[in-house]
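Below you'll find the structure I mean.
The values are calculated or read from the model by the stated rules, or taken from the named source; none is laboratory data. Since the structure is predicted, the reported quantities are computational estimates derived from the model, not experimental observations. Virtual Cβ from ideal backbone geometry, glycine too; neighbours counted across all protein chains shown. In case anyone asks, the SASA skips ligands and DNA or RNA and just uses the protein heavy atoms, side chains included. Shrake-Rupley method; radii C 1.70, N 1.55, O 1.52, S 1.80 Å.
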Amino acid sequence: MSIRNQEQLEKLRAIGKIVRLALDAAAAAVHPGMKTAELDEIAARVLAANGAESAPPKIYGFPGALCISVNEEAIHGIPGMRVLREGDLVKLDLVAEKDGYYADAAVTAAAGETSVAARELVRCAESAFWQAARSATAGNRVCDIGRAVERETRRRGFHVMRDLCGHGVGRAIHEPPSVPNYHDPRFRQRLTEGLVITIEPIVAAGTGQGVLAGDGWTIRTADGSLAAHYEHSVVITRGEPVLLTAA
């Protein structure tokens, strides 16, 4: 969507704030011994308390409010009875809806103490986001975002998962345009003022190739390497983008 008035912006800010609250609550509870289903319940309670709903169960039939992906799992992990262990890298990804408006964000949290390499991977995903945000201005092209993500990821010695990308958001869970995490000159659409998209670097310590797990939802790294994910929903402006899902 493209924001056309202040009312639309305020509704997007409202759902963005709720997504942030739910993600922060779940991330704070990530520790060894916690079941991923318990993290899911925490996020679902925050959404319900604020009059919001998780979008994937309603739209796609996803079996959980929160996508929870551990270690080599990159996205769309199903919450369940898995017990987190010391050093696990936990991706929390949430899309929620309120009053017909959607926001999407993700964060990677560590269960206890993790390895130096894992911490570097998490920092890579976050840094790639911020580098990409600098390119997310009206007049630039969609492919400029991917160029920035890929450049920063490679500079830090990691790889983007090229099959996974950002997207438009706002009035639906997924909208045009797709926003690749690498430079693809075919994505030459101009970023316009008011456009709402996600920027979401998904990076791997290995080759970056992904495979679909047997559950039909989870995408993991093909080589079993660690993955990290960092995402915000943003509004394009003539200057810095507005981060709808920031604290």
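One residue is enough: does region 14-25 have a residue meeting the conditions open to solvent by less than 10 Å² (accessible area, probe 1.4 Å) and either part of a loop (DSSP other than H, G, I, E, B) or farther than 18 Å from Ala106 by Cβ (or both)?
Checking region 14-25: not a single residue is open to solvent by less than 10 Å² (accessible area, probe 1.4 Å) and either part of a loop (DSSP other than H, G, I, E, B) or farther than 18 Å from Ala106 by Cβ (or both).
What do you reckon, is Val149 of a type in the set (A, V, I, L, M, F, W, C), more than 13 Å from the chain's Cα centre (by Cα) and crowded, with 21+ Cβ neighbours inside 10 Å?
yes
Which numbered condition in (1) outside any strand (DSSP E or B); (2) modelled with pLDDT of 95 or more is the only one that Ile197 fails?
Failed condition: (1).
Ok, one more. Please give the number of the condition Asn140 fails out of (1) under 16 Å from the mean Cα position of the chain (by Cα); (2) open to solvent by 30 Å² or more (accessible area, probe 1.4 Å).
All conditions are met except number (1).
Conditions first: (1) within 15 Å of the chain's Cα centre (by Cα); (2) within 15 Å of Leu89 (Cβ to Cβ). Leu243 passes all but one, so which condition is the exception?
(2)
For region 159-176, check the following and say yes or no: at least one residue is without any contact (Cβ under 8 Å) to a residue 24 or more places away in the chain and under 16 Å from the mean Cα position of the chain (by Cα).
Of the residues in region 159-176, the ones without any contact (Cβ under 8 Å) to a residue 24 or more places away in the chain are 174, 176.
From what is left, the residues that are under 16 Å from the mean Cα position of the chain (by Cα) are 174.
Within region 159-176, one or more residues are without any contact (Cβ under 8 Å) to a residue 24 or more places away in the chain and under 16 Å from the mean Cα position of the chain (by Cα).
Related question: Which condition number does Arg134 fail, the rest of (1) open to solvent by 60 Å² or more (accessible area, probe 1.4 Å); (2) in contact with a His (Cβ under 8 Å, 6 or more places away or on another chain) being met?
(2)
Further question on the same structure: Regarding Arg119, is this residue open to solvent by 10 Å² or more (accessible area, probe 1.4 Å), of a type in the set (Lys, Arg) and in contact (Cβ under 8 Å) with a residue 24 or more places away in the chain?
no
Could you check region 60-162 for strands (runs of 3 or more DSSP E) lying wholly inside it with 3 or more residues that are among the hydrophobic types (A, V, I, L, M, F, W, C)?
Those strands (runs of 3 or more DSSP E) span 67-70, 89-98, 101-110.
Turning to a different aspect of this structure: Any idea which of Asn50, Asn5 is without any contact (Cβ under 8 Å) to a residue 40 or more places away in the chain, surrounded by fewer than 22 Cβ atoms within 10 Å (Cβ to Cβ) and either out of contact with any Phe, Trp or Tyr (no Cβ under 9 Å at 6 or more places or on another chain) or hydrophobic (A, V, I, L, M, F, W, C) (or both)?
So the residue among Asn50, Asn5 that is without any contact (Cβ under 8 Å) to a residue 40 or more places away in the chain, surrounded by fewer than 22 Cβ atoms within 10 Å (Cβ to Cβ) and either out of contact with any Phe, Trp or Tyr (no Cβ under 9 Å at 6 or more places or on another chain) or hydrophobic (A, V, I, L, M, F, W, C) (or both) is Asn5.
Moving on to the next point. Among the residues of region 211-226, which ones are more than 16 Å from Ile78 (Cβ to Cβ) and crowded, with 22+ Cβ neighbours inside 10 Å?
Thr221, Leu226
Only one residue in Pro180, Pro201 is within 16 Å of the chain's Cα centre (by Cα) and within 21 Å of Val90 (Cβ to Cβ), so which one is that?
Exactly one of Pro180, Pro201 is within 16 Å of the chain's Cα centre (by Cα) and within 21 Å of Val90 (Cβ to Cβ), namely Pro201.
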